[in-house]
Amino acid sequence: MKRRDLLKISLLGGLSAASTASYAAAHCPDDGTPNQFTPKTTADSKPLEGEFDKYPKCPYCGMDRKEHHRARMLVQYSDDVADGVCSIHCLSLSLGLNIDREPKTIWGPDYGSTVEPRPLLPVEQLVYLIGADLKHAMTRRSKHAFASVTTAQTFQAKHGGTLGNFNDALRESYLDMAADVGMIRKMREERRKRAAQKPA
């Protein structure tokens, strides 16, 4: 190929890429990696106030956060953008996708409380029971948080599992991700099949 032709192709390719980038910037400002994963909410200095009104559904799986209040979590990043999720599984997605945002505060629910919905507390104040035979959202291996170590130990004596802190639970969430995603896909496919079989 002649050098002149190669230069033409190079210039055309550059113009095409610039044109595509320009179009995306003008028409899809929130698209493109990693910006497409940025929470679509505005900065919120008080995310706990009216959290179910502001963050009703988990943005990663669509689950109702109030329905799953025993597992839900909330993270506020350093720019005050908050992400309300249904579980520590989806929190791990938020933290991984928002890698350039520093978490300012992360809240988890006190599973041992009798108040409904379960109150949210900073995760540093919580002890986690990992792998107990308790149902949990979005994961086969439960990771429930407790404000009281004594209450967590009572649940452990009855339901098994090991005690740890938030970082332990988060690490286990990442380790369980592959199996959990496979489980969730299978459950959703079965749900779609059941829905398709229902008479109109």
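The values are calculated or read from the model by the stated rules, or taken from the named source; none is laboratory data. The model shown is predicted, which means the values in this text are computed figures rather than measured ones. Using ideal geometry, Cβ is built from the backbone for each residue, glycine included, and neighbour counts are taken over all protein chains shown.
Return the residues of the stretch 103-123 that are assigned to a loop (DSSP other than H, G, I, E, B) and closer than 18 Å to Phe155 by Cβ; say none if nothing qualifies.
The first filter runs over the stretch 103-123 and keeps only residues assigned to a loop (DSSP other than H, G, I, E, B), leaving 110-119.
Within the stretch 103-123, Asp110, Tyr111, Gly112, Ser113, Thr114, Val115, Glu116, Arg118, Pro119 qualify.
Please verify whether Met187 is surrounded by fewer than 19 Cβ atoms within 10 Å (Cβ to Cβ) and free of Cβ contacts under 8 Å to residues at least 60 places away in the same chain, treating the condition exactly as stated. So Met187 passes the test. Checking each residue in the stretch 33-59 for being farther than 18 Å from Ser78 by Cα and modelled with pLDDT under 55 picks out only Thr33.
Might you check whether a residue that is closer than 19 Å to Val75 by Cβ, more than 16 Å from the chain's Cα centre (by Cα) and surrounded by fewer than 15 Cβ atoms within 10 Å (Cβ to Cβ) occurs anywhere in the stretch 154-161? Steps first, answer last, please.
At the first step, the residues of the stretch 154-161 found to be closer than 19 Å to Val75 by Cβ are none.
Taking every residue of the stretch 154-161 in turn, none turns out to be closer than 19 Å to Val75 by Cβ, more than 16 Å from the chain's Cα centre (by Cα) and surrounded by fewer than 15 Cβ atoms within 10 Å (Cβ to Cβ).
So if I check each of Asp133, Asp79, Asp100, which one is under 16 Å from Glu172 (Cα atoms) and in a loop (DSSP other than H, G, I, E, B)? Spell out the reasoning first.
Details: Asp79 fails: under 16 Å from Glu172 (Cα atoms); Asp100 fails: under 16 Å from Glu172 (Cα atoms).
From the options Asp133, Asp79, Asp100, the qualifying one is Asp133.
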